[in-house]
Amino acid sequence: MKLSWKKYDLQLKHVFRIARSEEAIAPVIIVELTQDGITGYGEAAPSPRYHESVNTVIAFLQKVDVEKFADPFSLEEILGYIDGLAGENTSAKCAIDIALHDWIGKKLGVPLYKLWGLEKTKTPMCSFTIGIDTADVVAKKVREAEEYPILKIKVGLDNDKEMIGTIRKITDKVLRVDANEGWKKKELALERIKWLQDQNVEFIEQPMPAAQFDDIKWLRDKVDMPIIADESVIRLSDLPTLAQAYDGVNIKLMKCTGVREALRMIHAARALNMKIMIGCMIESAVAISAAAQLSPLIDYADLDGNVLITNDPFDGVRNIKGKLTLSDKAGIGVTPR
Ligand code: MG
């Protein structure tokens, strides 16, 4: 097996603002794994929230020696080796996991969802994300998102009610709300969620910082709205503890090292009676299509990372009026443009 990689700057349509950060360009690393004339594609979308950057991804990939593995089907052995090279670095590990799965699907001539026994018509509806902005820009974005039936609204600064109020003047669509750890005091979080309960909001995601576990537990006993963990959940081993404070989890390939661990997390979360969302960073069609292969198993899809950019280097899963639409293409189902 040969491994190569290239940095690629994804350009956002609008500056993407959440409670802790904003960005106009999202750099990713596209990985290629080649053997027997077949190339598997993978992607790392590093996030500083999880201590990664383009530089840490490249430094990690430089440590990886895949040439010593003759058989890409040996996922357990290869990914065990990759995970053991260093802690964290989850998006770098994910890039290799996706590329290996893509290669295997292509070698067998089947899409991954088929290999896993899933039905492609059972993909869930996907939300479309509206970042934090002024009332005018929010109104413009909501109108641009007319074709998408579910909106995911970023909040967590001091204009939450203005954001939601502006949207509610335009549409009565289902809203999902994500505070990205923005509410630091439990009383504030309680007051905002109580207010959201009257606004046709399906759930609240990560209302408070991940470190404030006991505050979130306190909050959960006082509200009716489901509380979903995002920044609090990284990998499989986090789930049993989180089940005590959250109603569901937002699994992201970039946090959990890829589709192999994501699949384990989905089954573990089901066993813990938790709702399951699959989310994303700002990513190209490579990582989005890989995650979409798992989506027939989940409750909520938040896989619009590549809908928010203008220069996706790949074609892959289609988002048709919010419905994730998988193809019959092998592997993760992507083609370079
Ligand atoms: Mg989130």
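Since every read-out is calculated from the coordinates, none of them should be taken as a lab result. This one's a predicted model, so the numbers in the text were calculated from it and none came from an experiment. Cβ coordinates were reconstructed from backbone atoms using ideal geometry, including for glycine residues, and neighbour counts include every protein chain displayed.
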Completion exercise
Summing -39500 (n - 2.57) over every DSSP H run of at least 4 residues in the chain and dividing by its residue count gives a helix-only mean residue ellipticity at 222 nm, to the nearest 500 deg cm²/dmol, of -9500 deg cm²/dmol
Exercise for the section: Under a 10 Å cutoff between Cα atoms, tell me which one of Ala269, Ala44, Ala24 has the largest fluctuation in the Gaussian network model of the chain. Expected result: Ala24
Practice task
Taking a cut-off of 20 Å between Cα atoms, list the lysines near Lys321, but don't count ones fewer than 8 places away on the same chain.
Solution key: Lys13, Lys120, Lys122, Lys140, Lys141, Lys152, Lys173
Handout entry: Highest to lowest packing among 254-261, 242-249, scored as the average C-beta count within 10 Å
Key = 254-261, 242-249
Handout entry: Extension gain, Arg17 back to Lys194 (0.36 nm per residue minus Cα-Cα distance, nm)
Key = 61.3 nm
Handout entry: Stretchable slack from Lys63 to Ser4, in nm (0.36 nm times residue separation minus alpha-carbon distance)
Key = 20.0 nm
Problem - Assigned charges on the beta-carbon of Lys, Arg, Asp, Glu; the chain dipole about Cα centre (debye) - result: 440 debye
Practice task
Along Cα→Cβ, 7 Å out, is where each label goes; now give me the distance between the ones at Ala24 and Lys321 in nm to one decimal.
Solution key: 3.5 nm
Practice task
Let me know the shape class of segment 114-336, please: from the alpha-carbon gyration tensor, a ≥ b ≥ c as square roots of the eigenvalues, rounded when a/c is under 1.5, otherwise prolate if a/b is greater than b/c, or oblate.
Solution key: oblate
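For a footprinting-style exposure proxy, rank Lys152, Lys222, Lys114 by other Cβ within 10 Å, fewest first. Could the numbers behind the result be given before it?
Values: Lys152 24, Lys222 11, Lys114 17.
If I rank by nearby Cβ atoms, fewest first, I get Lys222, Lys114, Lys152.
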Exercise for the section: Round to the nearest 10 and give me the degree value, 0 to 90, for the angle of helix 75-84's Cα axis relative to the longest principal axis of the chain. Expected result: 70 degrees
Problem - Reachable lysines, given that their alpha-carbon falls under 23 Å from the alpha-carbon of Lys93 and they are not under 8 places away in the same chain - result: Lys2, Lys6, Lys7, Lys63, Lys68, Lys106, Lys107, Lys252, Lys255
Fill in the blank from the handout: Ranked on Cβ counts within 10 Å of their own Cβ, fewest leading, Thr123, Thr325 go Thr325, Thr123
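Quick one: of the DSSP bridges fully inside the chain, what percent are antiparallel, nearest 5?
Counting DSSP beta bridges with both partners in the chain, the antiparallel share is about 50 percent.
Report the relative contact order of the chain, percent, no decimals, based on alpha-carbon pairs under 8 angstrom and at least 6 residues apart.
Details: 756 pairs, mean separation 67.8, N = 337.
Normalised by residue count, the contact order of the chain is 20 percent.
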Handout entry: Tilt relative to the chain, helix 135-144 - C-alpha long axis, 0 to 90 degrees, to 10
Key = 50 degrees
Handout entry: segment 1-77: trypsin sites (Lys or Arg not before Pro) in DSSP coil with no more than 15 other Cβ atoms inside 10 Å
Key = Arg20
